[in-house]
Protein chains: 4
Amino acid sequence: MDDAKTMASAGAQRPPGEADADRVRTNILEIATEEFAAKGLTGARIDEIAERTLTSKRMIYYHFGGKEGLYRAVLAHCYGRIRTIESTLDLGGRPPLEALAHLVRFTFDYQVANEDFIRLVMVENIHRAEYVSQMPELQALNLKVIELLRGICERGAAEGVIRPDVDPTDLHMSISALCFFNVANRHTFSVIHEVDMMSIAAKTARRETIVEMVLRYVRPAAA
Amino acid sequence: MDDAKTMASAGAQRPPGEADADRVRTNILEIATEEFAAKGLTGARIDEIAERTLTSKRMIYYHFGGKEGLYRAVLAHCYGRIRTIESTLDLGGRPPLEALAHLVRFTFDYQVANEDFIRLVMVENIHRAEYVSQMPELQALNLKVIELLRGICERGAAEGVIRPDVDPTDLHMSISALCFFNVANRHTFSVIHEVDMMSIAAKTARRETIVEMVLRYVRPAAA
Amino acid sequence: MDDAKTMASAGAQRPPGEADADRVRTNILEIATEEFAAKGLTGARIDEIAERTLTSKRMIYYHFGGKEGLYRAVLAHCYGRIRTIESTLDLGGRPPLEALAHLVRFTFDYQVANEDFIRLVMVENIHRAEYVSQMPELQALNLKVIELLRGICERGAAEGVIRPDVDPTDLHMSISALCFFNVANRHTFSVIHEVDMMSIAAKTARRETIVEMVLRYVRPAAA
Amino acid sequence: MDDAKTMASAGAQRPPGEADADRVRTNILEIATEEFAAKGLTGARIDEIAERTLTSKRMIYYHFGGKEGLYRAVLAHCYGRIRTIESTLDLGGRPPLEALAHLVRFTFDYQVANEDFIRLVMVENIHRAEYVSQMPELQALNLKVIELLRGICERGAAEGVIRPDVDPTDLHMSISALCFFNVANRHTFSVIHEVDMMSIAAKTARRETIVEMVLRYVRPAAA
DNA sequence: CATGAATGAGGATTCATTCAT
DNA sequence: TATGAATGAATCCTCATTCAT
């Protein structure tokens with residue numbers, strides 16, 4: 001988020017209003033992400049978004065075309081960020097099971113730290129993925145995480161510490177499911193079951209349950 | 001629909017208007033469940049619900065007070081149904097691990113068969129459980145499933161086939177998470193990863209992965 | 001216009017709000033006719049129309065669906081009126097040429113008296129008949145005037161006072177063109193040519209020119 | 001477009017910017033004519049005009065002051081063109097009736113070929129000639145056609161082939177009305193009466209009807 | 001001359017809810 | 001209980017025009 005701003009004040013060889021426009025767009029995008037995450041596509045109000053930005057409602061239409069265009073831009077931005085962040089993951093040197101545990105903890109922590117993103121995915125699923133399906137740049141995003149998991153599985157199978165029949169995509173789904181639920185469904189789950197899911201202790205405990213679950217799942221029966 | 005009518009006018013010793021009113025309420029509730037599940041609380045339209053109903057918009061206000069009242073009634077009805085259905089589960093005679101596997105498969109199948117309920121839970125989480133928190137009858141619903149799991153865990157621990165430190169609520173969360181994701185996030189996941197999640201084969205495979213994951217998680221290390 | 005009102009206060013055996021609703025619709029229609037005729041479809045403002053009616057903007061949407069729906073209703077109403085009015089024309093007893101002259105004068109007078117209708121037709125032509133083409137009830141309106149002209153031509157031909165090769169539709173087009181121009185183009189024509197087209201004298205003179213032109217056109221060369 | 005550029009930069013002794021400015025003005029004017037003719041003054045969009053232009057929106061404001069200024073310029077340009085074109089008409093040598101027929105055919109053909117102009121006149125009449133009235137250069141444009149008609153009538157009267165009481169302006173109005181209708185009202189007329197007005201055959205037939213009508217109108221009764 | 005960005009006032013439309021009968 | 005009509009406060013969006021560079 002801050003990158004654009006930093007770059008703008010630094011580089012400055014480019015056309016005049018460009019840096020400003022970028023800042024305006026980024027600003028709108030930030031607020032819109034929060035609003036759409038908080039209230040959904042239908043629940044969010046263009047007026048409220050505009051009010052919270054540094055510019056006017058009119059600029060939302062100028063830069064993003066409308067409510068749907070803004071929502072699409074928010075989706076694109078959020079999905080884009082994961083790719084970027086995933087790239088920072090370095091699992092190279094670790095033994096397979098340790099790498100896997102690290103990946104699970106990373107996923108858990110990322111989702112906990114990015115509730116907005118989780119909620120946007122929920123919102124998009126309420127809309128039956130109607131918008132991401134129409135965004136070619138998001139289809140087959142080919143998240144690096146799948147490749148990482150494939151590498152781990154292959155190395156682990158070679159070393160005999162991971163069952164050879166574990167499917168990377170299926171494994172990713174399990175990890176995602178376990179981590180996602182903790183953020184997405186925490187509100188109803190904690191009310192219905194009267195349990196705490198927000199404290200650091202609860203989160204840590206849950207995270208380790210998930211790590212354990214994943215490791216036990218991939219390990220060969222006799223390992 | 002017609003069944004309700006038949007039953008109502010047949011079995012009833014009560015004043016005629018009462019059965020009618022019941023039928024009207026049930027009818028509205030069914031349509032509203034579909035609409036709220038399909039479009040969320042903000043996205044659903046009172047006019048559309050009324051139009052699909054056998055009665056008029058006025059009746060929604062008469063019986064449920066308004067949009068929020070109707071939404072609350074829908075939540076109450078859906079959560080109530082789980083309790084009812086859970087009661088039909090008979091795991092008594094089975095050995096612990098078999099009972100657990102059965103419970104997981106039941107949970108998976110129920111969620112697949114009741115997408116509307118899953119989506120309503122998503123919707124409610126988007127609203128940060130604002131409505132279920134205000135419904136005393138839903139708080140501490142004490143779902144029977146927790147008791148079932150506790151029984152399984154205890155019997156399993158006694159028999160040495162389940163680790164003694166498995167927490168029933170934590171286990172329920174894992175099962176729920178794995179099953180829920182399959183319905184809730186199927187739209188985005190299948191688009192992003194270009195995988196099929198809707199075919200019977202895909203569902204069955206996924207279900208067995210989940211069973212496996214849960215069983216491996218609870219079994220003692222050397223079992 | 002007044003019919004609905006009259007009937008409503010007279011008949012009164014029907015459901016309660018119906019007469020009122022009719023009056024509301026009629027009122028909106030009247031104002032809308034004026035506004036669309038005065039400023040065109042794009043130029044007219046829903047707010048202004050609403051302000052001039054006895055009800056609110058919301059009612060326009062309730063009864064007519066929107067700006068286009070209202071415009072369509074206005075077109076339907078105006079075209080419908082001609083049919084009705086044409087039916088009052090009684091040319092039966094007159095000799096062909098006299099009947100024709102009468103019809104021309106009637107057309108001229110009707111158009112002069114109904115400038116709004118003329119302007120709506122202009123507006124619709126600016127829109128390339130986009131709306132009337134989509135109104136099945138207006139296509140092949142089968143205006144009675146064509147039948148009247150056909151009758152006149154046939155009788156006239158039989159009596160030898162009208163050329164046998166005059167086509168009724170072509171003749172109608174000529175009459176329409178001559179009358180229409182007088183209302184439709186009066187503003188630019190009178191400015192460009194500095195002539196009066198609004199005085200009663202000017203209108204009468206013009207009307208007789210048109211009658212003359214039409215009669216001379218249909219008469220056999222040697223008649 | 002490119003021709004203009006070539007010619008401008010080639011033949012010109014003038015300051016280079018001037019030719020450019022001319023080119024820009026002409027380009028804007030052409031596009032604006034199309035847009036105003038297509039959608040009317042209210043319906044046309046400055047943004048759309050600018051987009052279709054080779055330059056930017058700013059230039060419209062620079063050269064024409066705004067939407068109304070541009071519309072005025074378009075009117076001036078179109079009316080100016082008729083005068084120019086009318087001047088090419090040479091009826092001198094022909095006998096009066098032949099000259100008249102020629103003039104009618106010319107008028108008809110010009111209007112068919114210049115639909116944009118016809119539509120602009122319609123648009124201006126929708127605005128009750130509000131703009132042409134305020135353009136001194138258009139008032140009393142003294143179209144040459146009136147003079148031509150006066151000449152024809154006088155010669156014809158002298159020769160006894162045209163009634164002496166035919167008024168040139170009135171005759172012009174009749175010719176205009178008959179020709180104008182064919183272009184202006186073709187959309188509604190062809191829909192309502194289910195007739196073809198666009199084919200070459202239909203146009204030719206209609207043109208000859210008009211010629212006939214005009215000639216019969218001016219000829220002395222016994223001619 | 002040229003361009004992208006910005007603006008405020010206006011304009012069409014929708015929504016949950018209530019009223020009259 | 002039932003129904004069509006009515007309402008006002010939003011809500012999304014568009015337009016002609018101007019500014020900064």
How about the range C:39-66: which of its residues lose at least 40 Å² of accessible area in the presence of all protein chains relative to their chain isolated, using a 1.4 Å probe?
C:T42
Suppose R0 equals 41 Å. What FRET efficiency, 1/(1 + (r/R0)^6) with r the Cβ-Cβ distance, do D:A113 and A:A21 give to the nearest 0.05?
0.35
Net charge near C:D109, counting Lys/Arg +1 and Asp/Glu -1 over other residues with Cβ under 11 Å of its Cβ?
+3
Work out from phi, with θ = phi - 60° and the Karplus expression 6.51 cos²θ - 1.76 cosθ + 1.60, the ³J(HN,Hα) of each residue of the range A:167-175, listed in order in whole Hz, and give x for Gly and Pro.
8, x, 5, 5, 5, 4, 4, 5, 4
Distances over 33 Å make up what percent of all Cα-Cα pairs in chain C?
29 percent
Between 0 and 90°, nearest 10: helix C:144-159 axis offset from chain C longest Cα axis:
10 degrees
How much length is gained if the chain between C:I46 and C:R163 is pulled fully straight, taking 0.36 nm per residue apart and subtracting their Cα-Cα distance, in nm to one decimal?
37.0 nm
Between copies, how far does the label point of A:Q139 sit from its twins, in nm, shortest first, when each point is 7 Å from Cα along Cα→Cβ?
3.6, 4.7, 6.4
Calculate how steeply helix D:200-218 sits against the longest principal axis of the alpha-carbon atoms of chain D, using the helix alpha-carbon long axis, and give the answer as 0 to 90 degrees to the nearest 10.
50 degrees
How many nm is it between the label spots at A:R94 and D:D90, if each spot is 7 Å from the Cα in line with the beta carbon?
9.5 nm
What angle, in degrees between 0 and 90 and rounded to the nearest 10, separates the Cα long axis of helix A:96-113 from the longest principal axis of the Cα atoms of chain A?
30 degrees
What nm value, rounded to one decimal, do you get for the distance between B:R83 and A:E194 when each label is placed 7 Å out toward the C-beta?
1.4 nm
For chain A, what is the calculated [θ] at 222 nm in deg cm²/dmol (nearest 500), taking -39500 (n - 2.57) for each run of four or more DSSP H residues and dividing by its residue count?
-24000 deg cm²/dmol
Just want to confirm a number: the relative contact order over chain A, from Cα pairs under 8 angstrom separated by 6+ residues, in percent.
19 percent
The correct pairing of chain A residue and whole-Å distance, for the Cβ nearest the axis that maps A onto D, is A:R58, 5
Using every pair of alpha-carbon atoms in the protein assembly as shown, split the distances into 10 Å bins beginning at 0 and state the percent of pairs per bin, rounded to integers.
2, 9, 14, 15, 13, 12, 11, 10, 7, 4, 2, 1, 0, 0
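Before I look further, what does the range C:91-223 give for accessible area per residue, probe 1.4 Å, in whole square angstrom?
Per residue, the range C:91-223 has 39 Å² of solvent-accessible surface.
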Note the distances from C:A201 to each other copy's matching label point, with points 7 Å along the Cα-to-beta-carbon direction, in nm, sorted shortest first.
4.9, 9.4, 10.6
Quick one: which bits of the range D:147-178 get at least 50 Å² less accessible when the partner protein chains are in, versus the chain alone, with a 1.4 Å probe?
D:M173, D:A177
Inter-chain shielding metric for C:120-126, i.e. average beta-carbon neighbours from other chains within 10 angstrom, reads 6
Take every Cα pair under 8 Å in the range A:91-223 that's 6+ residues apart, average their separations, divide by the length, and report that relative contact order as a whole percent.
34 percent
Considering only protein heavy atoms and a probe of 1.4 Å, how much of the accessible area of chain A is carbon and sulfur, as a whole percent?
53 percent
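Can you list the equivalent-ellipsoid semi-axes of the range A:91-223, largest first and in whole Å, using the square root of 5 times each Cα gyration tensor eigenvalue?
In descending order the semi-axes read 27, 21, 12 Å.
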Excluding B:P96 itself, what net charge comes from residues whose Cβ is under 13 Å from its Cβ, given Lys and Arg +1 and Asp and Glu -1?
+2
Roughly how crowded by other chains is peptide C:128-134, in terms of the mean Cβ count from those chains within 10 Å of each of its Cβ atoms?
4
For the range C:91-223, with +1 on Lys and Arg beta carbons and -1 on Asp and Glu, the positive-most of C:I210, C:A129, C:G160 along the dipole:
C:G160
Log entry, pair D-C: total buried accessible area, probe 1.4 Å, protein chains only, in Å² rounded to 100, is 4900 Å²
Of B:I85, B:I162, B:I31, which is the most mobile in a GNM of chain B whose springs link Cα atoms less than 10 angstrom apart?
B:I85
Cβ-based net charge around D:F36, under 10 Å, with every Lys or Arg adding one and every Asp or Glu removing one:
-1
Under unit Cβ charges (Lys, Arg +1; Asp, Glu -1), what dipole magnitude, rounded to 20 debye, does the protein assembly as shown have relative to its Cα centre?
200 debye
From the cross-link list A:K67/C:K57; C:K39/D:K144; C:K203/D:K39; C:K67/D:K67, the entries with a Cα-Cα span beyond 29 Å are C:K39/D:K144; C:K203/D:K39
What nm value, rounded to one decimal, do you get for the distance between B:E154 and C:E147 when each label is placed 7 Å out toward the C-beta?
9.1 nm
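The values are calculated or read from the model by the stated rules, or taken from the named source; none is laboratory data. Quantities reported herein were computed from a predicted structural model and do not represent experimental measurements. Methodologically, a virtual Cβ is constructed for each residue, glycine included, from the backbone with ideal geometry; neighbour enumeration extends over all protein chains shown. Each accessible area value is taken on the protein alone, full model and side chains, heavy atoms only, with ligands, DNA and RNA left out. Shrake-Rupley method; radii C 1.70, N 1.55, O 1.52, S 1.80 Å.
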